[in-house]
Amino acid sequence: QSGGMVDTDSVETETYTIEGPDGNSDEIELPPGLIDLLREEDESRETVVGDMAIVSFVQQAHAAVHHTQGEPSEDVVAIEEKARELFEDRIGITFEQATGHSH
């Protein structure tokens, strides 16, 4: 329903915690229904949240290397390559296959 007032109060949410190697943590609140839209039958919601995180990070790295003015530094190129490797290890396909995006 676009344009009208939608009642979001009835949409339940769940909190996911992200913990870093130094022990610091952050929380993200998401509607489980949103995660379920993206989830394969055998995947946990936590796996979907992790998958979405790595997809987002690789997209940002890709943009930093391929869609900004000037030449990226070797460090940034190496970081993007590593992120792609980690993406492929986790998701099982290349970033290009996942996005239909190639240069």
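The values are calculated or read from the model by the stated rules, or taken from the named source; none is laboratory data. Nothing here was measured: the structure is a model prediction, and the numbers come from that model. Using ideal geometry, Cβ is built from the backbone for each residue, glycine included, and neighbour counts are taken over all protein chains shown. Quick note on the areas: whole protein, heavy atoms, side chains included, nothing else; ligands and nucleic acids left out. Shrake-Rupley method; radii C 1.70, N 1.55, O 1.52, S 1.80 Å.
Values computed for the structure shown
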read-out: Crossing angle, helix 74-91 versus the chain [Cα axis fit, 0-90 degrees, rounded to tens]; value: 50 degrees
read-out: Using alpha-carbon coordinates, inclination of helix 45-66 to the longest axis of the chain, degrees; value: 40 degrees
read-out: Accessible heavy-atom area order of ILE54, ILE18, ILE35, ILE28, highest first, probe of 1.4 Å; value: ILE18, ILE28, ILE54, ILE35
read-out: Unit charges on C-beta of K, R, D, E only; dipole of the chain, Debye; value: 380 debye
read-out: Environment charge at ILE18 (Cβ cut-off 11 Å; Lys +1, Arg +1, Asp -1, Glu -1); value: -4
read-out: Relative contact order, percent, the range 14-99 [alpha-carbon distance under 8 Å, six or more residues apart]; value: 17 percent
read-out: Pair THR68, VAL6: separation of 7 Å Cα→Cβ label points (nm); value: 3.3 nm
read-out: Probe 1.4 Å, accessible area per residue of the chain, Å²; value: 77 Å²
read-out: Distant-in-sequence amide H partners of GLU14 (H built 1.01 Å from N, under 5 Å); value: LEU30
